[in-house]
Amino acid sequence: MPIFSPARFIRLALVVLSLLLAGNALAGTAQGRIVVFGDSLSDPGNAFVLLHDVEVRPFELIPAAPYAIGGLHFTNGETWVEQLARALDLNGSGPALAVPGVHSNYAVGAARARTGAPFDLSAQVDLFLADFSGVVPADGVYVVFVGGNDLRDAIEALIVDPSGETTAGILEDAVSAVATNIERLHAAGARTFLVPNAPNLALVPAIRAQGVGAQLVAQMLSAAYNDMLAARLAALEAQLAGETLHRVDVYALLNQTVVAPSLFRLSEVKAPCITPDTFVEAICDRPDDYLFWDGIHPTRAGHAILARRARTVLLSP
């Protein structure tokens, strides 16, 4: 039998071709690696690696740990970024804290953009650069999706400081942290970025439960944060050479989903799937009909809506 048969030659040629295609930025649907920085909305299991704890019944409206249901996420299945990575055939969406240097998703539940909190954005970027010895994958898609917890801090700060000065400082620090860490990644060689903005927190069940006043404050601060972020990202685009910065308008997408849920194959967009503080019937019968899993996190189906929008943004010319 020949050592190098025609069939083996064809298979080898296909492998080489696939590697060549993977080297092109978003050629077809292949681009190498996805690198993720963020919070619980993108956490694939890093919080569990750190905490070794899970949420159990009776659930809380805002969880302190990931759920055993659905694979140790802060939802009942894969997050949007894991679904996106699978759709685009991108490697590395698993928990980087579990398998450093292989997985490259550094998002951790409860993380903030600004410094000072455990595993804040700068700490995540530090860890990534250390894991990859400062040599970042040139063909990577770099996701920076953080700020929701900073927004929640900003809302709560108004109770302590009604002047709004503390709140304004939190928002400014969060936006600056996002911009600074994009600059750091760019300096290390990253070129393709995906940066979603913050959702309209007025629409999440935990804020709805606090009444109309809390919703108005949450809506104003969410919009203010996003305006500040958009301005900084525009400045970065003008400043950084060779960078492609894709934006996902999560704020608008959430608004659209709540206004017209049937377009997204949902039937419940206000109440969470879980019922807190009870052992009986604590989880809804049809989670895929719900937008929200708990007080602040979407269901797997809600994550899928964001994954589809992000895929469209990345593949648009």
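The values are calculated or read from the model by the stated rules, or taken from the named source; none is laboratory data. What you are looking at is a predicted structure, and each value in this text was computed from that prediction instead of being measured. Heads up, the Cβs are rebuilt from the backbone with ideal geometry, glycines too, and the neighbour counts pull from every protein chain shown.
Quick look at the values:
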item: Among residues of segment 266-279, those that are assigned to a loop (DSSP other than H, G, I, E, B) and touching a Lys or Arg at 6+ places or on another chain (Cβ under 9 Å), counted; result: 4
item: Helices (runs of 4 or more DSSP H) wholly inside segment 152-244 that include at least 1 residues being aromatic (Phe, Trp, Tyr) and at negative phi; result: 212-239
item: Residue match in segment 251-265 (condition: buried (at least 22 other Cβ atoms within 10 Å of the Cβ), under 20 Å from the mean Cα position of the chain (by Cα) and assigned to a strand (DSSP E or B)); result: no
item: Cross-chain or 6+ apart pairs with Cβ under 8 Å, segment 75-100 first and in a helix (DSSP H, G or I), then modelled with pLDDT under 95 and not charged (D, E, K, R); result: Ala87/Thr29; Leu88/Leu26; Leu88/Thr29; Leu88/Ala30; Leu88/Gln31
item: Test: residue in segment 273-289 that is closer than 30 Å to Gly189 by Cα, of a type in the set (Ser, Thr, Tyr), surrounded by fewer than 19 Cβ atoms within 10 Å (Cβ to Cβ) and at pLDDT 95 or above; result: no
item: Number of the condition not met by Leu129 [criteria: (1) crowded, with 24+ Cβ neighbours inside 10 Å; (2) touching a Lys or Arg at 6+ places or on another chain (Cβ under 9 Å); (3) of a type outside the set (Asp, Glu)]; result: (1)
item: Check on Val204, of a type in the set (Val, Ile, Thr), touching a residue at least 12 places away in the same chain (Cβ under 8 Å), buried (at least 18 other Cβ atoms within 10 Å of the Cβ) and under 30 Å from Gly169 (Cβ atoms); result: yes
item: Scope segment 101-136; condition among the hydrophobic types (A, V, I, L, M, F, W, C), outside any loop (DSSP other than H, G, I, E, B) and within 14 Å of the chain's Cα centre (by Cα); matching residues; result: Leu121
